[in-house]
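The structure appears right after this line, and notes come after that.
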Amino acid sequence: MLCTSLVRNLFISINRRQYHRTHPRILITGGCGQLGVPLAKRLREQYGVENVVLSDIVRPSDELLKQGIYRYADVMDIKQVQELLVNNQIDWLIHLSALLSAIGEKDVPLAMKLNIEGTHHILELARKYKCKLFIPSTIGAFGPESPRNPTPDFCIQRPRTIYGVSKVHTELLGEYFYHRFGVDFRCLRFPGVISADTKPGGGTTDYAIEIFHDALKSNAYRCYLRGDTRLPMMWVDDCIQSIVSIMEAPSEQLKQRTYNVAAMSFTPDELTKAIQKYKPNFKISYEIDDRQKIADSWPQVFDDQNARQHWNWSPKVDLDGLVQRMFSYLERQ
Ligand SMILES: NC(=O)c1ccc[n+]([C@@H]2O[C@H](COP(=O)([O-])OP(=O)(O)OC[C@H]3O[C@@H](n4cnc5c(N)ncnc54)[C@H](O)[C@@H]3O)[C@@H](O)[C@H]2O)c1
């Protein structure tokens, strides 16, 4: 009897170890935001519901709770994240908590605390517990002196927002931790990410999501950016795929630790024309605010040839595909 139970426990333990080796255990911070929700869904499909822990400081919806493990964790308190890492034997740490560009400018001290001090905590924990670490950067990590069309991976970076400054800090410190301590840091600079089922978090590219909601509600949209403001954008599924691809890429394939990823670039005028193919009477008007200054300092077209060459990055959705997907998702809701 004792012998059977010993053998069974041994089998369970071996199976668990094998399972653990092929399926990373993943912690996502700031996971209730625009990117965290679809990313958790995708990672749970790929690696198993029980292997993905979503964390944030907000109360999750019932829907989100049904999808898998949720834990409260404030990244400003290193012990809360540490406890989750230890208790859940985390292998991959995906750090999404941040204040985005437009709201960062409204509360600079909080942006510094969250985007800079919070990132210090995450880097230190990744070093201590040998986690593979992903932290996204942004087109906002470039500034007015950077080449804007196209913007390559390596060029002058002098952003003028606290968001951009904090992201350059993340890129450099992450790369330093890679070279100095061997932390497997991976970072992608995202353009504006467009999605239908989660709200944008207060960035300068949010207009490209709001415009669809207003098109359906009132067939009109008042845009806070000039009609000719060209910015790089990406459909959410492509963004999520880029995270999975870079996390799965063998280390030796990565010739750098921070990559631009791009999919398309358009202006509010061009987006309006694409929307008018579905809604011919849709009208746009303009009331420019502070976000114009931010957009004017950002890349217009992102050069992502290194990502394409090194780990086969290839987006699937173009402007027409994005408009078609937004309307079909929103009309179903
Ligand atoms: N969405 C985009 O278009 C875009 C573009 C480029 C880069 N990014 C980057 O991707 C990441 C995720 O962006 P997002 O759009 O999902 O942002 P979001 O604003 O939608 O989500 C951020 C989440 O962080 C959480 N958070 C705030 N303070 C926290 C704290 N103290 N501890 C733990 N969590 C906290 C918020 O509650 C929120 O759910 C960010 O790092 C952002 O810079 C996003």
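From the set of residues in the stretch 94-111 that are closer than 25 Å to C131 by Cβ and in contact with a Gly (Cβ under 6 Å, 6 or more places away or on another chain), which is farthest from the ligand (Cβ to nearest atom)? Applying the filter and picking the extreme gives A111. Only one of the listed residues (F142, F154, F185, F134) is more than 9 Å from the ligand (Cβ to nearest atom) and surrounded by fewer than 21 Cβ atoms within 10 Å (Cβ to Cβ). That residue is F154. Residues in the stretch 52-66 that are more than 8 Å from the ligand (Cβ to nearest atom) and open to solvent by 50 Å² or more (accessible area, probe 1.4 Å): R59, S61, D62, E63, L65, K66.
Strands (runs of 3 or more DSSP E) fully within the stretch 232-333 that include at least 2 residues being within 29 Å of S146 (Cα to Cα) and either open to solvent by 10 Å² or more (accessible area, probe 1.4 Å) or in contact with an Asp or Glu (Cβ under 6 Å, 6 or more places away or on another chain) (or both): 258-260, 264-266. Determine whether I209 is open to solvent by less than 10 Å² (accessible area, probe 1.4 Å) and under 22 Å from Q300 (Cα atoms). Taking the combined requirement at face value, the residue satisfies it. Residues in the stretch 212-226 that are in a loop (DSSP other than H, G, I, E, B) and either within 16 Å of the ligand (Cβ to nearest atom) or open to solvent by less than 60 Å² (accessible area, probe 1.4 Å) (or both) were compared, and the one that is nearest to Q324 (Cα to Cα) is N219. Taking (1) open to solvent by 20 Å² or more (accessible area, probe 1.4 Å); (2) assigned to a loop (DSSP other than H, G, I, E, B); (3) more than 8 Å from the ligand (Cβ to nearest atom) in turn, A196 satisfies each apart from (1). Just one of (1) assigned to a helix (DSSP H, G or I); (2) crowded, with 22+ Cβ neighbours inside 10 Å fails for T229. It is (1).
The values are calculated or read from the model by the stated rules, or taken from the named source; none is laboratory data. Since this is a predicted model, take the numbers as computed values, not measurements. Note that each Cβ is placed from the backbone with ideal geometry, even for glycine, and that neighbours are counted across all protein chains shown. Areas reflect the complete protein model, heavy atoms only, side chains present, ligands, DNA and RNA absent. Shrake-Rupley method; radii C 1.70, N 1.55, O 1.52, S 1.80 Å.
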